[in-house]
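For reference, the structure is listed below as structure tokens.
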Amino acid sequence: MPYSLAIFDLDGTLADSFPWFLRTINDVADRFGFRRVADEEIEELRHASSREILSHLEVPLWKLPAIARHARRLKAEAAAEISLFAGVETMLRTLAENGVQLALVTSDSEANAREKLGESAALFSYFDCAASLFGKPAKFRRVTRRAGVEPDKVISIGDEVRDIEAARAVGIACGAVCWGYAAPAALRALGPDHVFERMDEIASMFSPVP
């Protein structure tokens, strides 16, 4: 078994929140005074990095904390609209049964995350939630330290370019899922250690060799 700690992203990786995001983003844009997203821009933005998206939408960095707080409130109100992707519960349970520690790193609140995960939240040993000034690399380091696992036994699994960049920054493996926010081609271009096209491929990677 290659990894003993799996750090998961939430939105776009475990939770199918992209449709909610598309319904909500322009209301948030109007509230905070950045550019609205036109339908024809969506696919282009799925190929962009987080920095490129913020630049394209002309989002002032100083507004990000307030935008994040507002988005968390909206997500909490829309919890019933956001479900887990099919197969998430089975995949997480398989990893836990194979002795893999599970961690969740997300800019969402822990309360929102636990509500979305439902009974599967009990499978996670570590939560590092809410927006962070130092971003995901700091969270990855913190979770790895708390778990007492060497970096070469850790993998982060996410759906965005920044997830791959953060994993590389702290020296852990990165897995990219093809069903989330970023376009699969944009993820593959960065050469992640693993690319998952189906949910069951994650569990298969952790299954003991007979």
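The values are calculated or read from the model by the stated rules, or taken from the named source; none is laboratory data. All values reported here derive from a predicted model rather than from experimental measurement. Methodologically, a virtual Cβ is constructed for each residue, glycine included, from the backbone with ideal geometry; neighbour enumeration extends over all protein chains shown. SASA here: full protein model, heavy atoms, side chains in, ligands and nucleic acids out. Shrake-Rupley method; radii C 1.70, N 1.55, O 1.52, S 1.80 Å.
Structure values in brief
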{"quantity": "Single residue of the range 48-63 satisfying the filter (modelled with pLDDT of 90 or more and part of a loop (DSSP other than H, G, I, E, B)) that is surrounded by the most Cβ atoms within 10 Å (Cβ to Cβ)", "calculated": "59"}
{"quantity": "Selection from the range 110-151 of residues that are among the hydroxyl-bearing types (Ser, Thr, Tyr), in a helix (DSSP H, G or I) and under 19 Å from residue 174 (Cβ atoms)", "calculated": "144"}
{"quantity": "Output for the range 10-31, where each listed residue is surrounded by fewer than 17 Cβ atoms within 10 Å (Cβ to Cβ) and assigned to a loop (DSSP other than H, G, I, E, B)", "calculated": "none"}
{"quantity": "Count of residues meeting criterion [over 22 Å from residue 45 (Cα atoms) and surrounded by fewer than 23 Cβ atoms within 10 Å (Cβ to Cβ)] in the range 169-181", "calculated": "4"}
{"quantity": "Test: residue in the range 182-204 that is at pLDDT below 95, under 30 Å from residue 23 (Cα atoms), open to solvent by 20 Å² or more (accessible area, probe 1.4 Å) and in contact with an Asp or Glu (Cβ under 7 Å, 6 or more places away or on another chain)", "calculated": "no"}
{"quantity": "Which numbered condition residue 148 misses (of (1) over 13 Å from the mean Cα position of the chain (by Cα); (2) open to solvent by less than 10 Å² (accessible area, probe 1.4 Å))", "calculated": "(2)"}
{"quantity": "Unique residue being open to solvent by less than 20 Å² (accessible area, probe 1.4 Å), touching a residue at least 24 places away in the same chain (Cβ under 8 Å), under 14 Å from the mean Cα position of the chain (by Cα) and within 23 Å of residue 50 (Cα to Cα) when the list is 140, 127", "calculated": "140"}
{"quantity": "Some residue of the range 99-106 being part of a helix (DSSP H, G or I) and either touching a residue at least 60 places away in the same chain (Cβ under 8 Å) or open to solvent by less than 40 Å² (accessible area, probe 1.4 Å) (or both)", "calculated": "no"}
